[in-house]
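Everything on this sheet refers to the single structure shown next.
The values are calculated or read from the model by the stated rules, or taken from the named source; none is laboratory data. Predicted, not measured: the structure shown is a model, and the values here were computed from it. In this analysis, Cβ positions are derived from the backbone assuming ideal geometry, glycine residues included, and neighbour counts consider all displayed protein chains.
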Amino acid sequence: MATIDPYEQEVLAAYESGALKSVARKAELAKLKAAARATATKDKRVNIRLSSGDLQDIQAKALQEGMPYQTLIASILHKYVTGRLEERASLATARSAAGKPSKGRASKTDA
């Protein structure tokens with residue numbers, strides 16, 4: 001488990017003692033719950049073709065993470081479309097040194 005700093009320890013102690021009270025109103029909570037439900041709802045199917053090697057690698061990674069491989073793929077896609085999936089610095093540096101654009105991003109010469 002990661003260590004927590006003194007401020008986080010203070011907040012945790014306040015939470016555990018019951019000193020923290022929610023300031024959200026019922027209407028706000030209902031709105032947030034509805035938004036969370038809508039975000040988490042998976043209502044479309046997608047069929048894609050992958051190389052056998054890529055699928056095996058994804059399945060192995062999912063096994064390491066303790067989740068179904070379909071869930072891992074959905075998570076990766078969600079992070080990509082929301083802008084939270086980032087290329088590792090070492091890979092990006094190697095690609096730029098080789099004169100290659102980052103994957104998933106068009107270079108000025110691609111346009």
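Below, the figures for the structure above:
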item	result
Count of region 1-54 residues which are under 26 Å from residue 70 (Cα atoms) and either more than 22 Å from the chain's Cα centre (by Cα) or polar (S, T, N, Q) (or both)	7
Qualifying residue in region 15-26 (condition: surrounded by fewer than 10 Cβ atoms within 10 Å (Cβ to Cβ), in contact with a helix residue (DSSP H, G or I) (Cβ under 9 Å, 6 or more places away or on another chain) and of a type in the set (Gly, Ala, Ser))	yes
Pairs where the first residue, in region 22-35, is at pLDDT below 85 and the second is part of a helix (DSSP H, G or I) and among the basic types (Lys, Arg), C-beta under 7 Å, 6+ apart	none
Filter result for residue 50 (surrounded by 10 or more Cβ atoms within 10 Å (Cβ to Cβ), part of a helix (DSSP H, G or I) and at pLDDT 95 or above)	no
